[in-house]
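The values are calculated or read from the model by the stated rules, or taken from the named source; none is laboratory data. Bear in mind that the values here come from a model prediction, so they are computed numbers and not experimental data. Cβ placement follows ideal geometry from the backbone for every residue including glycine, while neighbour counts extend to all protein chains displayed. To get the accessible areas, we keep the full protein, side chains included, count just its heavy atoms, and leave off ligands, DNA and RNA. Shrake-Rupley method; radii C 1.70, N 1.55, O 1.52, S 1.80 Å.
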Amino acid sequence: MRLTCTTAGPAPFVAEVAGVDFSHPVDATTFAEIRAALDRYAVCVFRNTGLDDARHIAFSRLFGTLERAPSLFGSKRRCAHPELFDASNLDANGAILGEGRRRLYNKGNALWHTDSSFNPHRASYSLLLAHEVPPAGADTEFADMRAAYRALPRSMREKIEDLVCEHWLWHSRMLAGYPPPTEAERAAKPPAYHKLVQTLASGERTLYLARHATGVVRAVRWHQPGDLVIWDNRCTMHRATPFEDTVYRRDMRRTTVLEPLP
Ligand SMILES: [Fe+2]
């Protein structure tokens, strides 16, 4: 099987990938081609995959060990599988969220970020699958952090070479309007520390930071249920754009692959 990658603009880092048959488990040859596409482009879009929760998780496992979604809002979760992060605007019963902590928490996703950078064990890939897409808005925008690093003058590169950043989940949530975290929330997600300048497996250097907009921006438009986007958290940031979230349903579920330990 040969995949087709369609890109737009100079120095593309987002590709729309066609030619994968998701109705059967993805075979080793096809998976190797998907990995190669992700090595070349940091963000890959697969349209109308027809994946369900179980096959979404099984496909994600090909990339490595999956992070378990924390249960920050009580024990009742809408998604039964512990590997699924609920990136929807829906409550445990499937109704649109009203005003409240969970809705404010979700607002943090509109800030530039890298999934799980607030954990000591970083994430490599995220695989976000659409189940219900609102009629307008709610694109996911991406920024290439390798391009951001390349754009820095040499003097700045030298200055930041050894810097370490503190990443704290509650910092971005509070920036987005979430109230100060409770003791239990603080204990559940303490800060994590990561080098600002990182070297990728390819040898390229990149910036690892969140909440700050730098670099080239590209938007992925969600067309229909079954659309899947995979991105590499080690060299991109992303953010959600607004939509009428108290009117329309947006049901998105994500798996997150843990970076292999050295
Ligand atoms: Fe995210």
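What list of whole percents do you get for P(r) of the chain, with Cα-Cα distances grouped in 10 Å bins up to the one holding the largest distance?
7, 30, 38, 21, 5, 0
Would you work out what percent of the accessible area of the chain, with all protein chains in place, is carbon or sulfur (probe 1.4 Å)?
On the way: 6950 of 12620 Å².
Of the solvent-accessible surface of the chain, carbon and sulfur hold 55 percent.
Using the heavy atoms of the protein chains and a 1.4 angstrom probe, tell me the accessible area per residue for the chain in square angstrom.
Values: 12620 Å² over 262 residues.
It amounts to 48 Å² per residue over the chain.
With every protein chain in place, what's the accessible area of Lys189 (1.4 Å probe, Å², nearest 10)?
The accessible area comes out at roughly 30 Å².
Could you tell me which of Leu169, Cys44, Phe22 has its Cα farthest along the dipole of the chain towards the positive end, charges placed at Cβ (Lys, Arg +1; Asp, Glu -1), taken about the Cα centre?
Leu169
Given the Cα-Cα distance of Thr29 and Thr246 and 0.36 nm per residue of separation, how much length would full extension add, in nm? Walk me through the numbers on the way to the answer.
Numbers: separation 217, 0.36 × 217 = 78.12 nm, distance 4.32 nm.
Taking Thr29 through Thr246 to full extension adds about 73.8 nm, to one decimal.
Between segment 1-55 and segment 183-262, how far is it from one alpha carbon centroid to the other, in angstrom?
18 Å
Using the beta-carbon distance between Thr6 and Gln224 and R0 = 22 Å, what value does 1/(1 + (r/R0)^6) give for FRET efficiency, to the nearest 0.05? Walk me through the numbers before you get to the answer.
Numbers: r = 17 Å, r/R0 = 0.78.
Efficiency for this residue pair is about 0.80.
Keeping all protein chains in place and using 1.4 angstrom, which order do Asp245, Asp115 fall into by accessible surface area, from largest down? Walk me through the intermediate numbers first.
Numbers: Asp245 30, Asp115 5 Å².
Sorted descending by solvent-accessible area, the residues read Asp245, Asp115.
Taking amide hydrogens as modeled 1.01 Å from N in the peptide plane, which residues meet the under 5 Å criterion relative to Leu66, leaving out close sequence neighbours?
Those lying under 5 Å, H to H, from Leu66 are Leu258.
Run the simple label-point estimate for Glu183 and Arg68 please: 7 Å along Cα→C-beta, distance reported in nm.
About 2.5 nm separates the two model spin labels.
Counting alpha carbon pairs within less than 8 Å and at least 6 residues apart, what relative contact order, in whole percent, applies to segment 4-258? Show your work: numbers first, answer last.
Working: 500 pairs, mean separation 86.4, N = 255.
Computed over segment 4-258, the figure is 34 percent.
Helix-derived [θ] at 222 nm for the chain: sum -39500 (n - 2.57) over DSSP H runs of at least 4, divide by residue count, nearest 500? Mind dumping the intermediate values first?
Details: 7 runs with 55 residues, N = 262.
Only helices count here, giving -5500 deg cm²/dmol.
Let a ≥ b ≥ c be the square roots of the eigenvalues of the Cα gyration tensor of segment 111-253; is it rounded (a/c under 1.5), or, if not, prolate (a/b larger than b/c) or oblate?
Details: a/c = 2.03, a/b = 1.32, b/c = 1.54.
Oblate, since a/c reaches 1.5 and b/c is not below a/b.
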